[in-house]
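Input: a single structure, listed below in structure tokens.
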Amino acid sequence: MIFLTRKAEFSSAHYYWNDEWPEEENRRIFGRCANRNGHGHNYTLEVTVAGEVDAMTGFVVDLKELKEILEREVVSVYDHRHLNLEVPEFAAGSGVIPTTENIAIAIWRRLEGKISGAKLHRVRVYEMADLFADYYGER
Ligand SMILES: [Zn+2]
């Protein structure tokens, strides 16, 4: 088994807000992140796939295809978007707050089953250089 990781970047705006709570509770828990005008991050995504090296190509997965999948499924949907307002999985009423953790899970769900020839192993999302979340799917 070999693991291969591809990186991608996207810039998105978000805010943290739980509709089940009154405004003061949102402000207490989320602080500045509850500002509903949003703020932005330059996210770095690392997607790791696992599989066997193909004897003919030496690859575990078609790198061009993997890049295209990340572009189509994630970057084109998230980049230069307001996650709360423009991305369905975080939209009002979804109950899903676009934290680094939830973004990693959402990206896993977008990619699962779409990479041919290899298994999705890990999705890592950096919100900033010193903060990231890892998701390995449900185990
Ligand atoms: Zn933020």
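Quick notes on this structure:
- Note on residue 67: aspartates and glutamates with a C-alpha under 20 Å away, same-chain residues under 8 apart excluded, are 9, 46, 52, 54, 79, 112, 134.
- Ordering 63-72, 43-52, 102-111, 127-136 by mean Cβ neighbour count within 10 Å, with the highest value first, yields 102-111, 43-52, 63-72, 127-136.
- Only helical runs count toward this figure. For the chain, summing -39,500 (n - 2.57) over DSSP H runs of n ≥ 4 and dividing by all residues gives -6000 deg cm²/dmol at 222 nm.
- The loop-placed trypsin sites (Lys or Arg not before Pro) in the range 23-61, going by DSSP, that have at most 12 neighbouring Cβ atoms within 10 Å of their Cβ come out as 36.
- 3J(HN,Hα) from dihedral phi, the range 119-129, Karplus parametrisation 6.51/-1.76/1.60, rounded to Hz, x for glycine, proline: 9, 5, 9, 8, 10, 10, 10, 8, 7, 8, 4
- Normalising by residue count, the range 18-104 has a Cα convex hull of 112 Å³ per residue.
- Rolling a 1.4 Å probe over the protein heavy atoms of the chain, with every protein chain left in place, gives an accessible area that is 50 percent carbon and sulfur.
The values are calculated or read from the model by the stated rules, or taken from the named source; none is laboratory data. All values derive from a computational prediction rather than experimental measurement. All Cβ positions, glycine included, derive from the backbone under ideal geometry; neighbour counts span all protein chains shown. Only protein heavy atoms, including side chains, enter the accessible area calculation; ligands, DNA and RNA are left aside. Shrake-Rupley method; radii C 1.70, N 1.55, O 1.52, S 1.80 Å.
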